[in-house]
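Read through the structure below, which is laid out as structure tokens, and then see the notes.
The values are calculated or read from the model by the stated rules, or taken from the named source; none is laboratory data. Just so it is clear, the model here is predicted, and its values are computed rather than measured. Every residue, glycine among them, receives a Cβ derived from its backbone with ideal geometry; neighbour counts consider all protein chains shown. Areas reflect the complete protein model, heavy atoms only, side chains present, ligands, DNA and RNA absent. Shrake-Rupley method; radii C 1.70, N 1.55, O 1.52, S 1.80 Å.
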Amino acid sequence: MDRAEQIKSQLNKLKEEGKYHEQIKIPAAATGFSYEKLFKPYLDLFVTEVWVEDPYIKQVHQLYNFLRFCEMLLKGPCKVKTIHLLTSLDNSDSNSQQSRGLEEIKESLQSYGVTLEVNYSPSIHDREIRFNNGWMIKIGRGLDYFKKTQGRFSIGYCDFDLRQCHETTVDIFHINHTKNS
């Protein structure tokens, strides 16, 4: 038991120093990987700004994924004031769906005192989420790593901890531990 406490203490120290890297491999059809499970350990009272870079916030289910991510941020423990979204513009006929959805999310966030800034890039490819406390999370599939449920009344439709996932890799590290810092 003492050894476990020592390891936990050492991990916490590495996290505080920004010398921590974790890689989580989510297997196909795995459950238990909600946004809360992945992101909450890296959110604290000092997080007021979040950057989301994901080229695929276009279709309805992707807009809902982004909305669920924003809801998770609002529940704390952080005090988010600004969310920056960099995505690609939907060039299909459903462009107005993307615009309307993001505008509705933006208006809804404003009622909670949060500003959503949306920018578009025609060349964005990589996916990452950064918090102003220095933590960066890179997810191979971005926020869209959940499988579609069997139906609208299937377990996992509402609770992402019960939703099956697509296979993906999540890398978590602190910017103090990167070469560009």
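Normalising the average separation of contacting C-alpha pairs (under 8 angstrom, six or more residues apart) by the number of residues puts the relative contact order of the stretch 70-181 at 21 percent. Extension gain for E107 to H84 (0.36 nm times residue separation, less C-alpha to C-alpha distance): 6.9 nm. Extension gain for S154 to Q59 (0.36 nm times residue separation, less C-alpha to C-alpha distance): 32.1 nm.
In this structure, N91 and T48 have a Cβ-Cβ separation that, at R0 = 35 Å, corresponds to a calculated FRET efficiency of about 0.55. Given a 1.4 Å probe and the protein chains as shown, E117 ends up with an accessible area of around 80 Å². Cα convex hull, the chain: 139 Å³ per residue, rounded to a whole number.
Of H174, H125, H166, the residue with the largest accessible area leads and the full order is H125, H166, H174 (1.4 Å probe).
Per residue, how much space in cubic angstrom lies within the convex hull of the C-alpha atoms of the stretch 65-172? Taking the convex hull of the Cα positions in the stretch 65-172, it is 137 Å³ per residue. Taking 4 °C and 1.567 mPa s as conditions, the stretch 127-171 diffuses translationally at an estimated 109 µm²/s according to Stokes-Einstein applied to its Kirkwood radius (Cα pairs).
Mean residue ellipticity, 222 nm, helices only, the chain: the sum of -39500 (n - 2.57) across DSSP H runs of n ≥ 4, divided by residue count and rounded to 500, is -9000 deg cm²/dmol. The orientation-averaged projected area of the convex hull spanned by the Cα atoms of the stretch 82-123 comes to 2.8 nm². Note on I24 and D161: their simple-model spin labels are 1.3 nm apart, each label 7 Å out from Cα toward Cβ.
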